[in-house]
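Below: the structure, in structure tokens.
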Amino acid sequence: MALEQAKARLRLALVGRHFVESNGLAGRPFVGDVWEAFAIDADEHMSYVLEAQSRRWNLGADELHQQGSRALWEASRAIALEAKRPGDPALTGKYLVIATRDGYDAARLAVKEMRDAIAKVLGYPFFAAIPNRDFLIAWSEDYAFSDEFADKVREDFERQGYPISPLVYRVDRDDIQAARVTASSP
């Protein structure tokens, strides 16, 4: 595919480092062993950008990130970010879920504008998890059930298709790091 055709359909995708390396994909580190890869979106599927393809296009990972991030943000602007609260009014915090199942839900965490939009609902810092490509969950720092979410994230990572990470991440305005969340299961 020619670069001009691909640019409009270029999206970020989050995958494990091993997936990038073993498939010769163009990519760059995101956080820990989670890497950004780049996909060309089509109606029913996505195809990853190979390292050789990015060299032919003369685009490095930073430029692919900029293009893919911009396009994914444009495709994401209409997603309603609605906070949910614990059922018991005495409990604190709130959370939200992004699960459009378009293949890029987890990758939205790599888009600065999306993180800022989530922070408008939850505040900075917030916690987020991306157990598989079709799911992003985020919750406020004071959310009452963060330990239970950590357990569920690990379970989803082990059971769902397209796994990305069993970890929980702390998201600050300019930084994302693995968080120390105590999960109740071993």
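Here are some notes:
- Listing of helices (runs of 4 or more DSSP H) fully contained in region 1-67 that carry 3 or more residues being under 27 Å from ILE176 (Cβ atoms) and out of contact with any strand residue (DSSP E or B) (no Cβ under 6 Å at 6 or more places or on another chain): 17-23
- For region 68-82, filtered to residues that are free of Cβ contacts under 8 Å to residues at least 40 places away in the same chain and in contact with a strand residue (DSSP E or B) (Cβ under 8 Å, 6 or more places away or on another chain), the residue that is farthest from ALA119 (Cα to Cα) is ILE79.
- Any hit, region 97-117, residues being touching a residue at least 24 places away in the same chain (Cβ under 8 Å), among the aromatic types (Phe, Trp, Tyr), out of contact with any Cys (no Cβ under 9 Å at 6 or more places or on another chain) and assigned by TED's automatic domain parsing to the domain that holds VAL168: yes
- Residue match in region 121-129 (condition: touching a Phe, Trp or Tyr at 6+ places or on another chain (Cβ under 6 Å) and at pLDDT 95 or above): yes
- Checked against the criterion of being in contact with a Ser or Thr (Cβ under 7 Å, 6 or more places away or on another chain), among the aromatic types (Phe, Trp, Tyr), closer than 23 Å to PRO29 by Cα and surrounded by fewer than 22 Cβ atoms within 10 Å (Cβ to Cβ), region 134-149 has no qualifying residue.
- Considering (1) farther than 19 Å from ALA78 by Cβ; (2) assigned to a loop (DSSP other than H, G, I, E, B); (3) touching a residue at least 40 places away in the same chain (Cβ under 8 Å), the lone condition that PRO166 does not fulfil carries the number (3).
- Looking only at residues of region 90-115 that are closer than 17 Å to GLU141 by Cα and either in a helix (DSSP H, G or I) or not hydrophobic (A, V, I, L, M, F, W, C) (or both), we find that the one that is nearest to the chain's Cα centre (by Cα) is LEU109.
- Per the listing ILE130, ILE118, the residue uniquely buried (at least 18 other Cβ atoms within 10 Å of the Cβ), of a type in the set (A, V, I, L, M) and in a strand (DSSP E or B) is ILE130.
The values are calculated or read from the model by the stated rules, or taken from the named source; none is laboratory data. Quick caveat: nothing in here was measured; it's all calculated off a predicted structure. Neighbour counts are summed over all protein chains in view; Cβ atoms, including those assigned to glycine, are modelled from backbone coordinates with ideal geometry.
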